[in-house]
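Notes for the one structure printed next.
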Amino acid sequence: MREQPLLTVVRCSEPAALRRHVGQLAAAGVRHVEVAWMPQPGWVEQCRELRRLFPALQLGAASITTAAALADVRAAGFSYAMSPLLRAELLVEAARMGLLLVPGVMSPTEVDLARRLGCRLVKLFPAAALGPGYWRLLAGPLAPLPFCIAAGGLRPADVPIWLAAGVQAVTLGAALFSAAPEAVLDPQLALVLQGLREASAAGPPQPAGEPARSPAAGYA
């Protein structure tokens, strides 16, 4: 993730659309794709098929809020999952299963609690409602901050802004695709990926949790 500090989320209830969307992201050069968990029959099998079809992708799960969802993540063969919530019992259950669960945080209290629970990665959610300067404001009273993945309501054009503001990675979801039935990738994503490649080649990545220069600072 230090070379490509970008995660993407695909939320599709229809298997063919799910495969198509993941395939578009893989073809564009995206490395990290999260499949949104859904309480419906076949979700595990669909995820297993994605692992078979796209072995080069780092696949994980999104929208995990229950122990039952965690069990599906493990059954799907994923190694990590993202949650919009910070719940100690979910973190304990994920650790028992051998899964990495990245919790969602919003307030300074939640950031501090996540850190005390041993979370080295957190998801700042909903990021769009907080603004790109929010995370850096927490650095004074709470440093050292954990590795931060900004998520929620962000668009491809927001990626360099948020990375330059001090978070270590950004998650994109619904804004990646145009409305159905075309579901075309936002052309801005290609520019963002090119900028991340150039930034990675220009110098070493920044250590997690340090509010110094972002690996993507310097491109628009």
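The values are calculated or read from the model by the stated rules, or taken from the named source; none is laboratory data. Worth saying up front: this structure is predicted, and the values here are computed from it rather than measured. Ideal geometry is used to build each Cβ from the backbone, glycine not excepted, and the neighbour counts take in all protein chains shown. The protein model used for the area step is the full one, side chains on, heavy atoms only, and it has no ligands, DNA or RNA in it. Shrake-Rupley method; radii C 1.70, N 1.55, O 1.52, S 1.80 Å.
Tabulated data
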{"item": "Prolate/oblate/rounded call for segment 1-43, Cα gyration tensor, a/c under 1.5 rounded", "result": "oblate"}
{"item": "Estimated distance in nm for a label pair at ARG136 and MET97, the labels positioned 7 Å out from Cα along Cα-to-Cβ", "result": "3.7"}
{"item": "CD proxy at 222 nm, helix term only [per DSSP H run n ≥ 4: -39500 (n - 2.57); per residue of the chain; nearest 500]", "result": "-11500 deg cm²/dmol"}
{"item": "Surface/4 estimate of mean projected area, convex hull on alpha-carbon atoms of segment 64-132, nm²", "result": "4.6"}
{"item": "Backbone HN-Hα couplings from phi across segment 184-198 [Karplus 6.51/-1.76/1.60, Hz, Gly and Pro as x]", "result": "8, 5, 4, x, 5, 4, 4, 5, 5, 4, 5, x, 5, 4, 5"}
{"item": "Accessible area (Å², per residue) of segment 90-195, counting only protein heavy atoms and a probe of 1.4 Å", "result": "43"}
{"item": "Whether segment 163-202 is rounded, prolate or oblate, judged on the alpha carbon gyration tensor where a/c under 1.5 counts as rounded", "result": "oblate"}
{"item": "Pairwise FRET efficiency - SER200 versus ARG48, Cβ, R0 = 45 Å, nearest 0.05", "result": "0.90"}
{"item": "HN-Hα J in Hz across segment 38-50 - Karplus 6.51, -1.76, 1.60, θ = phi - 60°, x for Gly and Pro", "result": "9, x, 9, x, x, 4, 4, 5, 4, 5, 4, 5, 4"}
{"item": "Solvent-accessible heavy-atom area per residue, rounded to whole Å², over segment 1-53 at 1.4 Å", "result": "47"}
{"item": "Built amide H within the under 5 Å cut-off of CYS12, gap 5+", "result": "ALA36"}
{"item": "Viscosity 0.692 mPa s, temperature 37 °C, Stokes-Einstein D of the chain from Kirkwood C-alpha radius, µm²/s", "result": "187"}
{"item": "Protein accessible area in segment 1-150, 1.4 Å probe - carbon and sulfur %", "result": "58"}
{"item": "Derived scalar couplings ³J(HN,Hα) [segment 116-122; Karplus, 6.51 cos²θ - 1.76 cosθ + 1.60; whole Hz; x for Gly, Pro]", "result": "5, 7, x, 7, 8, 10, 9"}
{"item": "Segment 12-107 - convex hull of the alpha-carbon atoms, volume per residue in Å³", "result": "95"}
{"item": "Net dipole in debye of the chain [+1 Lys, Arg Cβ; -1 Asp, Glu Cβ; about Cα centre; nearest 20]", "result": "340"}
